[in-house]
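The values are calculated or read from the model by the stated rules, or taken from the named source; none is laboratory data. Note that this is a predicted model, so its numbers are computed, not measured. When we count neighbours, we look across all protein chains shown, and the Cβ atoms used for this are built from the backbone with ideal geometry, even at glycine. Accessible surface is based on the protein model in full, side chains and every heavy atom, while ligands, DNA and RNA are left aside. Shrake-Rupley method; radii C 1.70, N 1.55, O 1.52, S 1.80 Å.
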Amino acid sequence: MIKLVLLDIDGTLTRDRNTEALDPDAIAAVQELVGNYIVGLVTGNALIVTQALSRYIGLPRGSPLIAENGCIVDYKSEVHELCEDLNLREIALSLMKMIPDLRPTYQFNYRKFDITLWAPRDPYELVEDVRDKLKRMNLDSKVKVSHSGYALHLQPINSSKAVAVKYLCDTIGISCNDTVYVGDSDTDIDVMDVVGYGVAVSNATDKLKRRAKIVLDKPSGKGVADFLRNYLPRL
């Protein structure tokens with residue numbers, strides 16, 4: 001029996017994977033769930049952004065939130081930090097000197113563990129370039145690099161959304177098998193093996209769709225709305 005519904009934000013609750021605009025139909029569908037399930041957000045966004053979004057989306061106070069790609073869990077207004085503090089902002093500043101077109105995102109100063117940067121380049125090429133620089137700095141064994149489709153992420157090597165989801169389930173006191181997770185990007189892949197139902201929107205990355213238990217027929221927010229209304233009640 002499904003008790004917990006966890007939703008990624010960017011590319012999942014948005015209109016598509018190329019915008020930060022939330023999909024109104026998805027938000028309405030999420031609001032319809034409140035009262036029947038525990039509903040939470042899992043995102044690479046900073047905690048302060050995640051908290052604000054949860055309020056404006058319409059989730060109750062104290063709803064479970066996972067921010068900075070699994071480094072921070074906020075449940076019932078208690079914040080739990082799961083990652084090692086590697087002072088990644090300073091490392092990011094050094095990288096920006098080595099890669100001139102690399103620059104901080106608007107959330108840069110509000111993040112502690114997972115630091116985000118942006119550059120007008122091919123995401124995979126950028127990731128490889130940053131990995132090469134980290135190797136030269138002898139940090140490749142401590143820092144991992146990924147790209148969400150929105151920004152480049154630097155985070156501690158052992159951090160992940162999956163670790164945070166397991167921690168959250170233990171904290172709430174429910175089985176991860178009774179949990180649904182909906183996502184769109186490679187940063188959601190590890191969660192697919194943790195929850196009972198890993199769900200990918202139709203425009204998710206190929207890697208995520210291969211690992212998901214359910215692949216939706218519709219993209220991003222439209223897929224979420226359809227799933228929450230028409231498929232979730234039958235699980």
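Could you give the distance between the Cα centres of the stretch 124-172 and the stretch 25-78, to the whole Å?
For the stretch 124-172 versus the stretch 25-78, the Cα centre distance is 22 Å.
Enter the angle in degrees (range 0 to 90, nearest 10) between the Cα long axis of helix 47-57 and the first principal axis of the Cα atoms of the chain, meaning the one along which they spread out most.
That helix lies at roughly 30 degrees to the long axis.
Suppose R0 equals 35 Å; then what is the FRET efficiency for L235 and N18 from their Cβ-Cβ distance, rounded to the nearest 0.05?
Computed FRET efficiency for L235 and N18: 0.75.
Over the stretch 1-154, what relative contact order in percent results from Cα pairs under 8 Å that are six or more residues apart?
It rounds to 16 percent for the stretch 1-154.
Return the subset of K161/K213; K76/K213; K3/K207; K112/K207; K76/K218; K3/K144 for which the Cα-Cα distance in this structure is over 23 Å, preserving the input order.
Among K161/K213; K76/K213; K3/K207; K112/K207; K76/K218; K3/K144, the Cα-Cα distance tops 23 Å for K76/K213; K3/K207; K112/K207; K76/K218; K3/K144.
Grab the Cα-Cα distance for Y110 and D190, subtract it from 0.36 nm times how many residues apart they are, and report the gain in nm with one decimal.
26.3 nm
Just to verify a number: FRET efficiency for R103 and E32, C-beta to C-beta distance, R0 = 45 Å, to 0.05?
That gives a FRET efficiency of 0.70.
Accessible area per residue, 1.4 Å probe, Å², for the chain: what's the number?
46
Multiplying the sequence separation of R210 and R89 by 0.36 nm and subtracting their Cα-Cα distance, what value in nm do you get?
So the chain would gain 40.2 nm between R210 and R89.
Can you send over the carbon and sulfur percentage of the accessible area for the chain, probe radius 1.4 Å, protein chains only?
Roughly 47 percent of what the probe reaches on the chain is carbon or sulfur.
Rounded, prolate or oblate: which fits the stretch 85-152, taking a ≥ b ≥ c as square roots of the Cα gyration tensor eigenvalues, rounded meaning a/c under 1.5, else prolate when a/b beats b/c?
Rounded, because the longest to shortest axis ratio a/c is under 1.5.
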